[in-house]
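Some notes on the structure that comes next.
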Amino acid sequence: MTSLSDDRSVAQRILDHIDSQTTDMSETIWREPLDHYRSAERLAAELALVLRRSPTPFCPSVALPEGGSYVARVAAGTPLLAVRGSDGQVRAFRNACRHRGTQLAEGAGCEKAFVCRYHGWTYGLDGALRHVPHEHGFPGLDKATRGLVPVETTERRGLVFVTQEQPALPGFDLDELPELIPPGHRLLGTSEIDIEVNWKIFTEGFLEGYHIRPTHRDTFYPVQFDNLNVVETFGRNSRIAFPYRRINKLRTVAPAERSVDGMLTYVYHLFPNVMVATFPTNIVVVVLEPLALDRTRIITYALTDRPEGDSDGRAALSTGQNFVQAGAIEDRDVACAIQRGLASGANEYFEFGRFEGAITHFHRGLHAAIDSMAAAHNGAAPA
Ligand code: FES
Ligand SMILES: [Fe+2]
């Protein structure tokens, strides 16, 4: 069971905040040294000790709708390939041929088997090496030991999670996740864009509503509140509710009958680098892949439960997507400006205030993970 409040309690907290002109506030502030955004060692530690050792969402389940469906991409620097087998189970593998390392697939699609484009070694959907052309050229080759190398894969709450390396970071219980992608959703599309921003700077932008009015004056602010959020944490993750102004309509609805559908956006931060955001017509899953200290790939999966044929649904969907897109561009611009600011010499640390508690929770989690895993690596017991 998750420790998150139910929707009715969140709605009540929001209405109370509107009345008293308040917002959720964290106990403490956080100061994050700027060197942690500029240091190659820090990024290497984040990748090796946190991203590759956490169960991180790789893609939504609906991106793999049938046997043979696959998604291939780089995750925390590692080329991976996730495939749904004929048995319905999703398996992820290191995306490298066991002959000379060529990637077996790129992007997304559906295959009956993976045939390496270099010399034609062929793997089943379960990763087994099925066929080697002119096999007599490899005396002693034991095909049973040369299948694709698996990584730990779990499907939960509508997402496919991979844990690349062991020992996994403690403190994750996928059974405690709330419902993230309700049944009935389908994949609308996937997009990728690379930006010149450190992955943590971009993550921080999702985790507070203190910037709604100044940054999103003509996009989100007309329909949302400035600096009015319900902020909750669960495990290393968090959930931030961004209410829409129309939530005031709930005042005339009996508390027991209140639904927050269409009344707020929930941003779930799935530690460390994935966001799931709910909008009235769609859900977006945003994966932030660190490519370098100052470069991040943003992979966005857009999902909807609106039926395909319904034209009203399509119109609402495209309005909804344009709305999200306009706000996302503003967030990207600000993130790029912060990245440039790293070179200004003005700050030694970023200070996150009491409205930015989900960011504090994120950094606290990163610090704890890096410190405990580094201690374990050095032979000490994890803290
Ligand atoms: S590298 Fe794949 S068959 Fe040679
Ligand atoms: Fe924003």
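Read-outs: derived from the displayed coordinates by stated rules, not from any lab. Quick caveat: nothing in here was measured; it's all calculated off a predicted structure. A quick note on method: Cβ atoms are made from the backbone with ideal geometry, for glycine too, and the neighbour counts reach across all protein chains shown.
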Rounded to the nearest 10, the angle in degrees between the Cα long axis of helix 311-341 and the longest principal axis of the Cα atoms of the chain comes to 90 degrees
Sorted by chain and number, the residues with a modelled amide H under 5 Å from that of PHE161, at a separation of 5 or more or across chains, are PHE58, THR154, GLU155, ARG156
For region 308-383, the Cα-Cα pair-distance distribution in 10 Å bins from 0, as whole percents, is 15, 21, 26, 21, 13, 5, 0
Whole-Hz Karplus couplings 3J(HN,Hα) for region 198-203, θ = phi - 60° and coefficients 6.51, -1.76, 1.60, Gly and Pro as x, run 4, 4, 6, 4, 5, 4
Phi angles of region 98-109, converted by Karplus (6.51 cos²θ - 1.76 cosθ + 1.60, θ = phi - 60°) into ³J(HN,Hα) in whole Hz with x for Gly and Pro, give 7, 8, 9, x, 4, 5, 7, 7, 9, x, 9, x
By the mean-Cβ-within-10 Å protection proxy, highest first, 257-267, 279-289 rank as 279-289, 257-267
Largest first and rounded to whole Å, the semi-axes √(5λ) derived from the alpha carbon gyration tensor of the chain read 38, 26, 19
If one builds a Gaussian network model of the chain from Cα atoms under 10 Å apart, the most fluctuating residue listed among ALA96, ALA337, ALA63 is ALA337
For the chain, longest principal axis from Cα atoms; helix 357-377 axis from its Cα atoms; angle between them, nearest 10 degrees, is 30 degrees
Residues whose modelled amide H sits under 5 Å from the amide H of SER54, counting only those 5 or more places away in sequence or on another chain, are GLN164, LEU169
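Sort TYR37, TYR268 so the one with the fewest other Cβ atoms within 10 Å of its own Cβ comes first. Kindly include the intermediate steps, with their values, before the conclusion.
Working: TYR37 20, TYR268 23.
Ranked by crowding around the Cβ, least crowded first: TYR37, TYR268.
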Diffing region 236-241: the Karplus 3J(HN,Hα) column from phi (6.51, -1.76, 1.60, θ = phi - 60°), in whole Hz with x for Gly and Pro, holds 7, 9, 8, 9, 10, 9
The simple spin-label model distance between ASP7 and ASN378, using points 7 Å out along Cα→Cβ, in nm, is 4.8 nm
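Viscosity 0.692 mPa s, temperature 37 °C: Stokes-Einstein D of region 136-246 from its Kirkwood Cα radius, in µm² per second?
Working: Rh = 18.8 Å.
Estimated diffusion coefficient is 174 µm²/s.
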If each part is reduced to its alpha-carbon centroid, region 235-249 and region 278-324 end up apart, in Å, by 18 Å
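Order by neighbour count: ILE240, ILE329, ILE298, fewest other Cβ atoms within 10 Å first, most last.
Result, fewest neighbours first: ILE329, ILE298, ILE240.
Diagonalise the Cα gyration tensor of region 246-383 and give the resulting equivalent ellipsoid semi-axes, square root of 5 times each eigenvalue, largest first, whole Å. Each step should come with its number before you reach the end.
Values: eigenvalues 250, 86, 62 Å².
Its equivalent ellipsoid spans semi-axes of 35, 21, 18 Å.
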Relative contact order of region 79-145 (C-alpha contacts under 8 Å, at least 6 apart) in percent is 20 percent
By Cβ neighbour count within 10 Å, fewest first, CYS110, CYS116, CYS59 rank CYS110, CYS116, CYS59
Amide H proximity to PHE234 below 5 Å, modelled H, separation 5+ or other chain, gives ARG239
Contact order relative to length for region 66-105, counting C-alpha pairs under 8 Å separated by 6 or more residues, stands in percent at 32 percent
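Can you tell me how region 241-297 classifies by the Cα gyration tensor, rounded, prolate or oblate, using a/c under 1.5 as the rounded cut? Kindly include the intermediate steps, with their values, before the conclusion.
Working: a/c = 3.75, a/b = 3.49, b/c = 1.07.
Note, shape of region 241-297 comes out prolate.
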Highest GNM mean-square fluctuation among GLU351, GLU208, GLU155, for the chain with Cα springs under 10 Å, belongs to GLU351
The chain: relative contact order from alpha carbon pairs under 8 Å, six or more residues apart, as a whole percent, is 23 percent
In this structure, the FRET efficiency calculated for ARG186 and SER259 from their beta-carbon separation, with R0 = 25 Å, to the nearest 0.05, is 0.65
Highest GNM mean-square fluctuation among VAL253, VAL74, VAL115, for the chain with Cα springs under 10 Å, belongs to VAL253
